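Participant: Would you mind keeping the following structure in view while I ask a few things?
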Amino acid sequence: MTGSEFTGLLPIIVVAVSAIVVLLQVAIKRNHFLSLLLTLAGMLGSFLTIPMARALSPIQVSSLIRIDDFALFFIGLTLAASAVVAMLTYNYMKERDENREEYFIVLLLAVLGANVLVAATHFVSLFLGLEILTVSLYVMIAYLRESNLPLEAGLKYLILAAASSAFLLFGMALVYAELGAMEFSVIGTRLAETGGFRSVFILTGFGLILTGAGFKLAVVPFHMWTPDVYEGAPAPVTAFVATVSKGGMLAVLLRYFVTTNGYEYQSVIVAVSIIAVLSMFTGNFLALLQRNVKRLLAYSSISHLGYILVAFIAGGAMALDAIAYYLVVYFATTLGAFGIISLLSEGGDERVSIDDYRGLFWTRPWLAAGFTLMMFSLAGIPLTAGFIGKYFVVTAGVGSALWGLVLVLAVNSAIGLYYYLRVVVAMLSSSSSSEDLPAMSYGGRIIFGVLSIAILYFGIYPAPLAELIHKMMQSLG
């Protein structure tokens, strides 16, 4: 390995080393707060190495990993979101009778897997990163092993993730059998030489890869695990699954699609379009029926993936910018929403019913105002970052003349408005069931405040973030 390759890999290496450091700390002296500090220090250290790696990028490390602006952007986003999850988890676990320190080791391993995933340029590195991430998630979801719901959620995720990995692996094998390559760029070249999807092996292989990725992204019809896992997993873990896990998978799928010239094959575009439409309608209609906030957010996440797929299908530089902006906004909003559930569930049962939030405006006005902001951003109300995210997605769709998909997106945004406002109306209700809610920790207040300000700031003045994203996405487009 050359010096430049080592420097390029530093953001990934630092996370791996941090997991070992926390492991040693737990073996020597158990201390929940120290484990959190070491975890955050590792994430911060990894984040600080991103400018060093960027100065030398793009760096191709063998045929497996490519460190470019695209990968570094998603590594930075993953680290920031994971740091928020780590802080939320500290307060969430503080009063619970569990082996709390080991959680941070598993979290760092999950971050390691996500970072490998977003830089993968080869089937081997894709599968390696995905499995590191997925196996860590099995543990994180079922971490509260004394409760039935997390165990049930962990078992369901294990079975369905194993099935999706099998689909993915079989698809990769078929593509390799036909093209004799596992590197994305070589697959793209050989597809062009052989005339694309004329072989049954190639068509089936890409279909199975899309199926495996669909399970991980929880898009329709591969979404069945989402509500149960969201409901059963601890709230901070649900936030991680909804953001880092899905963001990592979407990033590598985007790189794979662009590198293999997937936009030139109409059959793939049609398949993704059908998935997008089904995800938008199914996610929103099923969310209308929910009274459990975590299940509501689960179905909402399915519809948001459908919105993102509209930009995905549009293709081009504008679409890349739209996807990245939407993901940043979605990360912040989802972390905020699940963060509130975490903060109100510290030391006790989770507050997940809409009825638990009745009258919250009169007992915790700032918290209710923040939760309202998160709901408005998810709904795409103007002056929130969610509105700008949807604006970029619609612009990308209109730019590629995807009128039908844009119309479906607009209709579904209107449907989604109803169930988001239902939560807000419950908080404004005069009958209060939120008087016995626990006091928020100072750390929780800081996280909650920063996320709320970010959602407002990027909803009013999106130019700095949009410019940064445009620069970082050029390395892929």
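Participant: Could you calculate the contour length gain from residue 353 to residue 146, that is, 0.36 nm times the residue separation minus the distance between their Cα atoms, to one decimal place in nm?
Facilitator: On the way: separation 207, 0.36 × 207 = 74.52 nm, distance 2.15 nm.
Length gained between residue 353 and residue 146: 72.4 nm.
Participant: Check cross-link reach from residue 29 to the lysines: straight Cα distance under 27 Å, and skip same-chain residues fewer than eight apart.
Facilitator: 94
Participant: Over the chain, with the other protein chains present, what is the accessible area per residue in square angstrom, probe 1.4 angstrom? Please list the in-between numbers first.
Facilitator: Working: 17650 Å² over 477 residues.
Accessible area per residue, the chain: 37 Å².
Participant: What is the percent carbon and sulfur in the accessible area of the stretch 127-187, measuring with a 1.4 Å probe over the protein chains and ignoring ligands? Each step should come with its number before you reach the end.
Facilitator: Details: 1930 of 2710 Å².
It is 71 percent, rounded to a whole number.
Participant: Express in whole angstrom the spacing between the alpha-carbon centres of the stretch 1-59 and the stretch 147-214.
Facilitator: With the stretch 1-59 and the stretch 147-214 each reduced to a Cα centre, they are spaced 30 Å.
Participant: Now a separate question. When only Cα pairs under 8 Å and 6 or more residues apart are kept, what is the percent relative contact order across the stretch 36-138? If you can, show how the numbers build up before the last one.
Facilitator: Numbers: 111 pairs, mean separation 30.5, N = 103.
Contact order relative to length: 30 percent.
Participant: Looking at (1) 23.5; (2) 20.7; (3) 25.3, which value of mean projected area of the Cα convex hull in nm² comes from a calculation on the structure shown?
Facilitator: (2)
Participant: Something else about it: Which whole-number percent gives the relative contact order of the chain, counting Cα pairs below 8 Å spaced six or more residues apart? All intermediate terms of the calculation are to be shown ahead of the outcome.
Facilitator: Working: 796 pairs, mean separation 73.4, N = 477.
Once normalised by length, the contact order is 15 percent.
Participant: Hey, if we sort 403, 225 by accessible area with the 1.4 Å probe, largest down, what's the order? All intermediate terms of the calculation are to be shown ahead of the outcome.
Facilitator: Values: 403 155, 225 10 Å².
Ranked from most to least accessible, the order is 403, 225.
Participant: Another question, then. Excluding residues on the same chain fewer than 8 positions from residue 216, give the lysines whose Cα lies under 27 Å from its Cα.
Facilitator: Candidates past the 8-residue exclusion: 156, 246, 294, 390.
Participant: Of the heavy-atom accessible surface of the stretch 288-403 (probe 1.4 angstrom), what whole percent is carbon and sulfur? Let's see the in-between values first.
Facilitator: Working: 2310 of 3390 Å².
Carbon with sulfur: 68 percent of the solvent-accessible area.
Participant: Using alpha carbons only, how many angstrom separate the centre of the stretch 110-134 from the centre of the stretch 381-420?
Facilitator: With the stretch 110-134 and the stretch 381-420 each reduced to a Cα centre, they are spaced 31 Å.
The values are calculated or read from the model by the stated rules, or taken from the named source; none is laboratory data. Remember, predicted model here, so these are calculated numbers, not experimental data. Side chains are part of the model used for accessible areas, which takes the heavy atoms of the whole protein and leaves out ligands, DNA and RNA. Shrake-Rupley method; radii C 1.70, N 1.55, O 1.52, S 1.80 Å.
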